[in-house]
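Participant: Below is the structure I would like to discuss, written out as C-alpha cells.
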Amino acid sequence: MKVISIAGSPRQPSRSTALLALSQQWLTEHGVEVISYRLQDFTAEDLLFANFDSPQLKTLISELASADGLLIATPVYKASFAGALKTLLDLLPERALEHKVVLPLATAGSSGHMLAIDYALKPVLNALKAQEVLQGVFAEDRLIGQYQRFPAELDSTLQVRLEDALETFLVALGHRHALTQARAKHQPTYA
Ligand SMILES: Cc1cc2nc3c(=O)[nH]c(=O)nc-3n(C[C@H](O)[C@H](O)[C@H](O)COP(=O)(O)O)c2cc1C
C-alpha cells in the first residue's frame, strides 16, 4: 500500500509537520510505503503564479495517481487551513484524489478552530473527488512538545487519538488497495 504525505505548513520547524512525521513512522512500521512532500519542495513562484508545468508538481501528481491514500497536515491559519497549502491543492487535477482515502491532521493555537478541517479543508478534498475523508486529528499546540526535533513529544491523549485515527486509516487503505487490485484484475484486455 502506498500513501502520499503532504506537510502543509509554510514554516519550519512545524508542529503539524511533527505530527505528520510521527504518523509517517507509524505507517511505515505497519508496512505502508510513504512518499513525503513538503510545501518547501515546490518553488514558491510556481505555487503563487499557478505554474501547472512545475516539474515537482508533475511528479506529485503522478505519484498520487498510483497511491491508495493521502495523509495531509496543516496548521490552522485565520480559522482555516494554510493558504500556502491551498496554492498547492489548487494546482492538482480535478480528480486527483479519486479512489483515495484521506486522513487530515491539523494543529492550532486553540481549540476554538477545531472545526477548520471540517468546514475548510474537507470541501477542497471532496472537490478533488476523494473517495473517503476520514475523521481528522486536531491538536492544540500545548499537546505537542519538542517539535523541533524528531520524535516530537505528544500528550498521551493526543497519542491515543492519533493511533486510533491511523489504525482506521490503515484498515481503509487495505480495503481501497484490495478493491483497486480486483479492479485491475478484471480490466478487459483487448488483443
Ligand atoms: C499566521 C498565523 C495564523 C494563525 N491563525 C490561527 C487561528 O486562526 N486559530 C488558531 O487556533 N491558531 C492560529 N495560529 C496558530 C497556529 O495554528 C499553530 O501555532 C499551529 O500549530 C502552527 O502549525 P505549524 O507549526 O505546523 O506551522 C496561527 C498562526 C499563524 C502563524
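The values are calculated or read from the model by the stated rules, or taken from the named source; none is laboratory data. Keep in mind the model is a prediction, meaning the values are calculated, not measured. Please note: Cβ atoms are built from the backbone with ideal geometry, for glycine as well, and neighbour counts cover all protein chains shown. Surface areas here come from the heavy atoms of the whole protein model, side chains and all, with no ligands, DNA or RNA. Shrake-Rupley method; radii C 1.70, N 1.55, O 1.52, S 1.80 Å.
Participant: Being open to solvent by less than 10 Å² (accessible area, probe 1.4 Å) and either among the β-branched types (Val, Ile, Thr) or out of contact with any strand residue (DSSP E or B) (no Cβ under 9 Å at 6 or more places or on another chain) (or both) is the filter here, so list the residues in region 3-24 that pass it.
Facilitator: Passing the criteria: Val3, Ile4, Ile6.
Participant: Kindly list the number of the only condition in (1) farther than 22 Å from Gly145 by Cβ; (2) part of a helix (DSSP H, G or I); (3) touching a residue at least 60 places away in the same chain (Cβ under 8 Å) that fails for Ala18.
Facilitator: (1)
Participant: Right, here's the next one. From the residues in region 39-60 that are assigned to a loop (DSSP other than H, G, I, E, B) and small (Gly, Ala, Ser), which one is nearest to Ile4 (Cα to Cα)?
Facilitator: Ser54
Participant: Oh, and also: If Leu27 satisfies all but one of (1) surrounded by 24 or more Cβ atoms within 10 Å (Cβ to Cβ); (2) away from the ligand (no atom under 16 Å from the Cβ), what's the number of the condition it fails?
Facilitator: (1)
Participant: Still on this structure, I have one more. Select from region 89-114 the residues that are away from the ligand (no atom under 15 Å from the Cβ) and over 23 Å from Arg176 (Cβ atoms) and list them in ascending order.
Facilitator: Asp90, Leu91, listed by residue number.
Participant: Hey, another quick one. Only one residue in Leu166, Leu179 is open to solvent by less than 40 Å² (accessible area, probe 1.4 Å) and in a helix (DSSP H, G or I), so which one is that?
Facilitator: On inspection, the qualifying residue turns out to be Leu166.
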